[in-house]
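Everything below concerns the one structure shown next.
The values are calculated or read from the model by the stated rules, or taken from the named source; none is laboratory data. It should be emphasised that the depicted structure is a prediction, and the values quoted were computed from it without experimental measurement. Note: ideal-geometry Cβ built from the backbone for every residue, glycine included; neighbour counts use all protein chains shown. In case anyone asks, the SASA skips ligands and DNA or RNA and just uses the protein heavy atoms, side chains included. Shrake-Rupley method; radii C 1.70, N 1.55, O 1.52, S 1.80 Å.
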Amino acid sequence: MCAQKSASSRNKANTTPDDVIDFREVVSSYLFHWPLYLLLLGIFCGGAILYNKIVKQGYEVKATLVMEDNKEDKPAHDKAALEELDLENPPKIVENEIEILKSRSLATKVAYDLKLWVNYSWDTKLVKHEDLYGKSPVDFHLLTPNGLLGSHKFEILIKDKNTFLIKGAENKLKEFHFSNTLVNSFGTWQLIPTKNIDPFIGKSISITITDPNVVSDGLQSGVLVTLVDKQASTVDLSITDPLPQRGKDILNDLISRYDEAERVEKNNLTQNTLDFIDNRLASLKGELAQAENQVQNFKSSKGITDISKQGDAYLQDVQSNDKELQAVNVQLGVIESVENYVNAPNNANAPSTLGISDQGLINLIQKLSDLSQERQRMAATTPETSPIFDPLNSQIKSLRSAIKENISNIKSSLSAQKRQLQSFSNKFTSSIRDVPTDEKDLISLERTQTLKENLYTYLLQKKEQVGLNYASTFTNARTVDSAYVVPPKGLKRLIPMGIGLLAGLFMPTFIIFGRNSLKNKIISSREITSGVSSPILAELTFEKTKNPIVVHDKSRFALAEEFRTLRTKLHYLHEKKEKGRVTLLTSSVSSEGKSFVATNLAVALAASGRKTIILEMDLRKPRVSAILDIQQDKLGISNYLNGETTETKIVQKSELYPNLDVMSRGTYDDNPSELLEQERTETLINWLRVNYDDIIIDTPPVSIVTDAIIVARMVDVTLYIIRQAYTSKAILPFIKNMEEENHFPKLNIVFNGIEKGRYGYAGYAGYGYGDYVEDKRAKKRYSNSIFNNFFKRF
């Protein structure tokens, strides 16, 4: 009893609690399979290297713009002219400009400018389908398209500088001159040789035609336009392309097209203003000439040479009032031109806002002009019946209604102001009735002349100033950095390597974990002690050997010593009883090493000088006779239980192992359990207790048949065999139930077949033997070399 308690306490002291994970054990179990890790690491990392060689890494190309306010950094004379004529555009909103840069219209222009919808490639020894952008030997010209282009690919063979070959019907090659015009399903086209043709003579070139609309969509989504800082107006443009030069060309052309669009919009506005000024000058020129003639004729007919001081003062008042009245009339004229523009359904050119002080109306007019121009640009490539015009038409309609309402309010205000000024003019006229009629008439004529002259001079000056701004190259976007290639970061090429490395580590870990989880087998003593209360008496190392008896095998030093240790512990388990000790060995299922442990334990006991006998009571599948090389055709236990013979006649002496006797199964019986239930079984055991020091009984697996439970009531100690990575965890509740029902006396566990390091657990099995033995072969076997059991490590 003392020995059992000691074993139990030792087992508990070396057992990790269920809720604590022994990371060293886990890591060791995975490191055991290092060849699997090495193999998969090689496969995945090799795949990553191959990927880096085959797949071209995209180059990042960037450019930087600064969006500037219209009112900043302009020449003083242009700025003054524009301010006085109210010709300035509203301040640019950076977010709006970003959307313009990302617009499909600009992307389409870039696609056509750079001819991105035509791709040239060829196959080299190192690269398949190498892109020939910028160095193509031919240039594809589509003379007359035939409807939508779609996607087309054909291959040519350049024969010389003047001719090329192309596959025709039945895959036959046809020869054509570069001057020839060809016709096929997508239209009429021609190939023009370039200056790069010499290196490609005799080579095949693939030409791929893609729908420009598809290319534009891809380009629109590929160009990223971002605002660097919301507090500033700096915008970054970027694109990723396998060819850095193509990426640079795309961004530079996009910036150029954006600047061009800005200049066209500004010049259209300036031209509209010049047209307005020219019309007013033409009208004023005739009015001024008429006024001058009237003054000259009046003075000549009346002989008037001077104006009285009273007339001078009156003239000043009337001129001031008339100037205001004239300004009101000008504004009314501008309002009428705006009203005509709004009522005209298809006029995209905005009128001049000269004299209009309502900034809200100016902004509405400008926005309407922008939308109208956008509609005209879209109408050039898209039918007007397309649903894409619906949102734009709705916005234009809404803006027209808002402008009409503003115009109505402004006209009402100006009309009231005009009536008031006319009232003042009438008042001034009535106040000079005392002035001589001739002088009054002269003043009236000179006033008209002065007003016409001042307005004419003013418009001439503004025309000159506005003309300086026409066709200006100044735009609202200033290029800070033209397109440049960002140096490729080494990390980009390391990403596939990192993925390969992680896959090479995680994949074998997943395989090992899944394999162990599906097996659901007992791996460590902790799993045993967490499921049952019986102590683990011994842990036996797995040794692959041709000779099943390892106790006298010097090359199996570790396992032999483990059986000797088991022999010693068994002595204390039997409470130091010297004679008639009966030990039963059983297991859950077959192939757990029950017969192997029984025979080696019997040999170990016999080797110590104790008279030992082993009973082959696994009457269904006996293994002891074969292991100990005992004749199996002699009378045995089944014959004794049937009453055919006596005890002494079924005892066989072992020729190889002194002090060891064997009782074999004997003749097979169809009802082994019924045989064991007889009283002769107990009689046999009692006879053996008198004649032997140790009786070892090998019984069948207890979860399969009941034979072991029948014999168990006649024994002193039970050894239950559990094999590592073989016995299922599902058997533990069964063992626990047998403990609770006390089927087996002094039940102890023997943990068998422990493979050192394979499952991250070796317990005491084989520990330190490699440093203790002198035999070189044994020393090598028990060493911790990572090359031991190489093929099992996969």
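The accessible surface of region 590-661, taken with every protein chain in place and a 1.4 Å probe, is 45 percent carbon and sulfur. Just the protein heavy atoms count here, and of the accessible area of region 202-264 at 1.4 Å, carbon and sulfur take up 47 percent. In a DSSP loop and with at most 14 other Cβ atoms within 10 Å, the trypsin sites (Lys or Arg not before Pro) in region 678-728 are R713. What whole-number volume per residue, in cubic angstrom, does the convex hull of the C-alpha atoms of region 486-630 give? Convex hull of Cα atoms, per residue: 196 Å³.
Two decimals is fine: what's Rg over Rh for region 183-254, C-alpha atoms, Kirkwood radius as Rh? Walk me through the numbers on the way to the answer.
On the way: Rg = 18.1 Å, Rh = 16.1 Å.
Ratio value, two decimals: 1.13.
In region 635-766, the convex hull through the Cα atoms has an average projected area of 10.3 nm², a quarter of its surface area. Rolling a 1.4 Å probe over the protein heavy atoms gives region 105-151 an accessible area of 56 Å² per residue.
Inter-label distance, L460 to S533: 12.3 nm, where each label sits 7 Å from its Cα along the C-beta direction.
Size check on region 581-668: the Cα extents along the three principal axes, sorted descending, read 33, 31, 24 Å. Placing a label point 7 Å from the Cα of A380 along the Cα-to-Cβ direction, none of the residues of region 197-236 has a backbone N under 13 Å of that point. Start at zero, step by 5 Å, and the Cα-Cα distances of region 374-425 spread as 4, 17, 15, 12, 10, 9, 9, 7, 7, 5, 3, 1 percent across the bins. Among 36-48, 193-205, sorting by the average number of other beta carbon atoms lying within 10 angstrom of each residue, highest first, gives 36-48, 193-205. The gain in end-to-end length when the D670 to N329 segment is fully stretched comes to 109.8 nm, 0.36 nm per residue minus the alpha carbon separation. Taking the average, over residues, of other Cβ atoms within 10 Å as the packing measure, peptides 151-159, 419-427, 576-584 rank 576-584, 151-159, 419-427 from highest down. Pairs from the table (K285/K452; K62/K248; K102/K153; K367/K411; K115/K161) lying more than 18 angstrom apart at Cα are K102/K153; K367/K411; K115/K161. Rounded to the nearest 20 debye, the dipole size of region 587-631 about its Cα centre is 100 debye, using +1 on the Cβ of Lys and Arg and -1 on the Cβ of Asp and Glu. The residues of region 611-758 expose, per residue, 42 Å² of accessible area to a 1.4 Å probe.
Counting only protein heavy atoms and a 1.4 Å probe, region 201-284 has 43 square angstrom of accessible area per residue. Peptides 523-530, 593-600 ranked from most to least packed by the mean count of surrounding Cβ atoms within 10 Å: 593-600, 523-530.
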